[in-house]
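What follows is a short report on a single structure.
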Amino acid sequence: MNYSDTIDSTNLLPLIVYFGAVIGIAGVMLGCAYLLGQKHTAKAADQPFESGIVAAGDVHVRFFVQFYLLAIFFVIFDMESVFLFAWSVALQEAGWPGFIEALIFILILISALLYLWAIEALDWRTRRQRNIRS
């Protein structure tokens, strides 16, 4: 049995019907929303607002870089739990080599955390606050 014997139009028919149904339903939903939706011609309709309040002042707020660093650190170290969960599910199949690989992975993450702590990347205090405590 070769590859060309397994693919014919009867095997693809359900996929084609499903694809057509998805495209059709999406088109009907978008068309109904366009035809039945409200048409706003008010002057303030194109202005952005938050919770019904028109924005006053500058909408571009500057955040400290520590907020972004914390978010990046969270994403990086949160992936540790994803990988370790997958490892724990396959613990029986992985055996000792899998355990050693997971241990190496954890040691690398701990060393990265210690490095971040050493360079004070996790310190949220300002320079002035650091100088007061010193």
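Counting 0.36 nm for each residue step from residue 119 to residue 74 and taking away their Cα separation leaves a gain of 14.5 nm.
As a proxy for reagent exposure, 80, 93, 120 were ordered by neighbouring Cβ count within 10 angstrom, fewest first; the result is 93, 120, 80.
Every read-out reported here was derived from the displayed coordinates using simple, explicitly stated rules and does not represent laboratory data. Here the structure is a predicted model, which is why all the values come from computation and not from measurement. Every residue, glycine as well, gets a Cβ built from its backbone with ideal geometry; the counts of neighbours run over all protein chains shown.
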